Each structure stands twice: as C-alpha cells, then as structure tokens.
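Working notes, structure below.
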Amino acid sequence: MGRMPPFKKSIMFFKSLLLCSAVALSPVAAASGQVEGSDSQQYLSDAAVTAEVKSALLGQKNLDALDIKVSTRKGVVELSGFAGSAAQIAQAIDVARRVSGVREVRNELRLKASHR
C-alpha cells in the first residue's frame, strides 16, 4: 500500500479535529442552557456542516482556507475572513454550496489588501 502524502495527512487531521471539536462541545452548549431539545440536534447538525465546509475548503489547492472562517446556523453557512482574489471568494462560495446540509451561503469574505 502506498504512503499518504503529507498534505493529505494534514487535511485528514484538520477534518478529524473539527469533527471531534464539534461533537465534544455540543454537550457543553446543551448543559449551559444555550441549546434545548431539538435545538441540540440542530446544533450538532450545524457543527457537522461547519466541519464539512471547512474540510472541503482545506482541500482546495488554490485557496488559503486558514484565512476563511465558517459558521453555520440552521443550515445557513456564513463565510467570513479574507481571500486573495475575487476568484477565490467565488471558489469558496461554490465549494460551500456543494456540501450536503448547506441550505444557503452568506458571503462576508473580503479581499486581502495587496502589498506593493
């Protein structure tokens, strides 16, 4: 069996970390009264969607996903942070839209200031 390239290992690590964080934090939110009943299921679903979107963004070669923040509420994903070009913003939106469970994508991404 072939060895996994370091980049693929990094993506797998981040994906696992995001999913574990979402699952680990959901009982804390429920216990603190922030989430009740079926809302806790929505919270878990939103956390999973957030993790999947972030993972999908990390898998893009021409996109600096570490500068993009992802949040989800009731299936509506908000992208914020910075991208290097309008094409990268469009790419991030397209990638997010393709993730299962995403109902809508709101774009709050801004262009990075260019240094001369």
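The simple spin-label model puts a point 7 Å past each Cα toward its Cβ; for E104 and L66 those points are separated by 3.3 nm. The ranking of K74, K69, K54 from fewest to most other beta carbons within 10 Å of each one's beta carbon is K74, K69, K54.
Exposure proxy check: S100, S85 ranked by fewest other beta carbons within 10 Å?
Numbers: S100 7, S85 13.
The fewest-first ordering by Cβ neighbours comes to S100, S85.
Considering every alpha-carbon pair of segment 36-116, the percent of pairs per 5 Å bin, from zero through the bin containing the longest distance, is 3, 17, 28, 22, 14, 8, 5, 3, 1, 0, 0.
Straight-line reach from K61: which aspartates and glutamates fall under 20 Å, measuring Cα to Cα and dropping same-chain residues less than 8 apart? Qualifying aspartates and glutamates at Cα under 20 Å: E52, D94. Among V102, V53, V77, a tally of other beta-carbon atoms within 10 Å of each Cβ gives an order, fewest to most, of V102, V77, V53.
Around K112, under 10 Å between beta carbons, what's the net of Lys plus Arg minus Asp minus Glu among the other residues? It would help to have the intermediate numbers written out before the result.
Values: positive: R110; negative: D64, D67.
Result for the local shell: -1.
A short reminder: the numbers here are calculations on the coordinates, not readings from a lab. Quantities reported herein were computed from a predicted structural model and do not represent experimental measurements. Methodologically, a virtual Cβ is constructed for each residue, glycine included, from the backbone with ideal geometry; neighbour enumeration extends over all protein chains shown.
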